[in-house]
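The numbers here are math on the coordinates, done by the rules we state, and not lab data. Computed from a predicted structure; not experimentally measured. As a convention, Cβ positions derive from the backbone with ideal geometry for all residues, glycine included, and neighbour counts pool all protein chains shown.
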Amino acid sequence: MGHRVLVVDDDPTVSDVVRRYLEQDGCEVRLAADGAAGLAAIAARRPDLVVLDLMMPGINGLEVCRRIRRQLPDLPVIMLTALGEEADRVLGLEVGADDYMTKPFSPRELVLRIRSVLRRTAGPATGPAGLGRLVDAELAVDVARRVAELDGVPLSLTVREFDLLVFLMRHPGRAWSRADLLDKVWGWQFGDQSTVTVHVRRLREKIEKEPAEPRRICTVWGVGYRYDALDEGGRR
């Protein structure tokens, strides 16, 4: 049986097209026509990934995503939006979407995005680079189990937040541009770099004691971001 994907969209034409492409790719697909039906479907049987429309009557996609994140922080969510403004796309990322696509979109590209996210959640990568434990003072990451802890308390990280944290921890002291991170973490050679900005901000809120004055994920003005490991006393 293939991956289970739930498509939550009130447009039956979009839902049907996405369903057909995903089924051709070997996925088991369920459809929900609104936010309430989508939440009920998740409660009944957890999917491997949710494709979620932003604008729906009743419970909209943003609120559905918020509720998913409160209960299932590691459930991948790809948001669909007909809105082209950057502020609307950023809002979807702010509430916890791992990725987004703007309508009209290529169903084939959506399938590729879904594959990319599911590959990261299917299990540890092969080879030494995919395994191991990363420790930085009170921050510890078990890469194989995809578990991160701060002071022994598990962190609720999305798929992309976890991937970004692992990548940065593996390359301390090096400055990366947003384009670099989009390529290395998301696997995109082009795309909206505000995706990186939002994920860095969300990650800081979870691993930094003072997110406004980060000690680990530092901004390198004119370049991008750098990860600075701390010593046992919590100092750089």
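Summing Cβ point charges (Lys, Arg +1; Asp, Glu -1) relative to the Cα centre of the chain gives a dipole of roughly 540 debye. In degrees, nearest 10, range 0 to 90: what is the angle between the Cα axis of helix 61-71 and the longest Cα principal axis of the chain? Approximately 60 degrees, to the nearest ten.
Considering only 177, 152, 162, the residue lying farthest towards the positive end of the dipole of region 138-184 is 177, judged by Cα position with unit charges set on Cβ. The value obtained for region 128-227, namely the Cα convex hull volume divided by the number of residues, is 99 Å³ per residue. With R₀ set to 22 Å, the beta-carbon distance separating residue 103 from residue 194 gives a calculated FRET efficiency near 0.75.
Given a Förster distance of 25 angstrom, what is the FRET efficiency for residue 43 paired with residue 119, based on the Cβ-Cβ distance and rounded to 0.05? Rounded to the nearest 0.05, the efficiency is 0.45. Counting alpha carbon pairs within less than 8 Å and at least 6 residues apart, what relative contact order, in whole percent, applies to the chain? About 13 percent, as a whole number. In the chain, a dipole from Cβ-located charges (positive for Lys and Arg, negative for Asp and Glu) runs towards its positive end, and of 2, 61, 44 it is 2 whose Cα lies farthest in that direction.
Entry note, the chain: the mean residue ellipticity at 222 nm calculated from DSSP H runs of n ≥ 4, each adding -39500 (n - 2.57), is -11500 deg cm²/dmol after division by the residues and rounding to the nearest 500.
Per residue, the convex hull spanned by the Cα atoms of region 4-121 measures out at 90 cubic angstrom.
Where does the chain land on Rg/Rh, using Cα atoms and the Kirkwood Rh?
On the way: Rg = 17.9 Å, Rh = 18.5 Å.
Reported Rg/Rh, Kirkwood definition of Rh: 0.97.
Quote the charge dipole size of region 4-121 about the Cα centre in Debye, to the nearest 20; the model charges only the Cβ of Lys and Arg (+1) and of Asp and Glu (-1). All intermediate terms of the calculation are to be shown ahead of the outcome.
On the way: 17 positive and 19 negative charges, 106 e Å.
Its charge dipole is roughly 500 debye.
Relative intensity of region 1-56 on a log10 scale, I(q)/I(0) at q = 0.17, 0.26 Å⁻¹, equals -0.46, -1.03, per a Debye sum over C-alpha point scatterers of equal strength in the absence of solvent. Each Lys and Arg contributes +1 and each Asp and Glu -1, all at the Cβ; summed about the Cα centre of region 128-227, the dipole is approximately 160 debye.
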